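Have a look at the structure below before the remarks.
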Amino acid sequence: MNRKAIDIEALLRWAYRDELPKAAAVGGRLVLGFKTGWGGVERFGELLAVIDEPDIRNRYGLVPDATASSEPHPDAVRVHDAVMALRRCDLDVPDDWNPIADMGDLGPEGAAAVARGIAGMTIINDKGARVLRRSVARIVIRQAILGGAPDWEGETPERHVVCAHGKPRWFRREVVVTDGAFGPAQHEIEVDGFNHARRIPYADAYTKMVLDPDPAPVVQGRAEYELWRGALDLLAEDLAEGLEAHAVLPSDRSARPWEVPDPARRILPSLLVPPVAERESRAAARKRKREAA
């Protein structure tokens, strides 16, 4: 049997948009239309208990297609199994990982933005390991449904002094003593460093720099892109064998398009059609010739 050549992104779209929604809801129930206000009372009258309505999603986590007349294609099921296997992958962030290096030297504020970006998309689990808040599998499924790639583009920020009312803000560190569980405890806090009585900063005061706009969201977008792009390679390799009707082609997207321009950037064709030039009438043609003569 000849297998259809298809790139990994198209295969994922086909699986999650067209095939996997064909599976019925878990429990074989699909509630259509609106629930009546009396429905909950009827359920309570039957069982003498408040019953949570069943999840209408199917076993693939998708809203079922009520018009489907067949089960999902075996290749789509195999694709979903491979995507779910991505949950076994570990997150490894190198110490020198910097997805915004193309924006120039952003100083220590740039490194802080990278740290905040990572912290915003990860948590520390009960084993002390850093894991993603949204798994790679969910990122892959989301992009398969929405299409395209995670948004990695962002504006290059400017680095300037933190100001208030057009003037630089001053800060200083102070040590405060509080009552701790085992006696007095010392904590260092940041306070206002401007002496308002003398209208000058304290001798140990300092200013702070800030990046505008904050590049932390760009860090998260580029992190998701790298994870998603790496997952495409893993899936293409995993699905190279075992599919009945499809031969998987690897992704041709750049691993880091913010560093190297993507030669295969997908651009949707414009829906605007250039207007057709109107045909010149005979009278207008004769007039044009006379004027030219």
Exercise. Working carefully through the options 232, 243, find the one that is at pLDDT 95 or above, part of a helix (DSSP H, G or I) and buried (at least 17 other Cβ atoms within 10 Å of the Cβ).
Key: 232
Practice problem: Please find, within region 194-216, the residue that is surrounded by the most Cβ atoms within 10 Å (Cβ to Cβ) out of those that are part of a strand (DSSP E or B) and not polar (S, T, N, Q). | Solution: 211
Self-check item: Number of positions in region 146-161 that are among the β-branched types (Val, Ile, Thr) and exposed (fewer than 13 other Cβ atoms within 10 Å of the Cβ)
Solution: 1
Quiz item: Which of (1) over 20 Å from residue 9 (Cβ atoms); (2) under 22 Å from the mean Cα position of the chain (by Cα); (3) modelled with pLDDT of 90 or more; (4) assigned to a loop (DSSP other than H, G, I, E, B) is the odd one out, the single condition residue 259 does not satisfy?
Solution: (3)
Practice problem: Identify, from the list 99, 94, the residue that is surrounded by 15 or more Cβ atoms within 10 Å (Cβ to Cβ), closer than 30 Å to residue 209 by Cβ and not hydroxyl-bearing (Ser, Thr, Tyr). | Solution: 99
Quiz item: Here are 50, 41: which of them is surrounded by fewer than 17 Cβ atoms within 10 Å (Cβ to Cβ), at pLDDT below 55 and not in a loop (DSSP other than H, G, I, E, B)?
Solution: 41
Quiz item: So which pairs qualify, if the first residue must be in region 130-153 and in contact (Cβ under 8 Å) with a residue 24 or more places away in the chain, the second must be surrounded by 12 or more Cβ atoms within 10 Å (Cβ to Cβ) and part of a strand (DSSP E or B), the Cβ gap must be under 6 Å, and the two must be at least 6 apart or on different chains?
Solution: 130/122; 132/122
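The values are calculated or read from the model by the stated rules, or taken from the named source; none is laboratory data. These numbers were taken from a predicted model, which means no experiment stands behind them. A quick note on method: Cβ atoms are made from the backbone with ideal geometry, for glycine too, and the neighbour counts reach across all protein chains shown.
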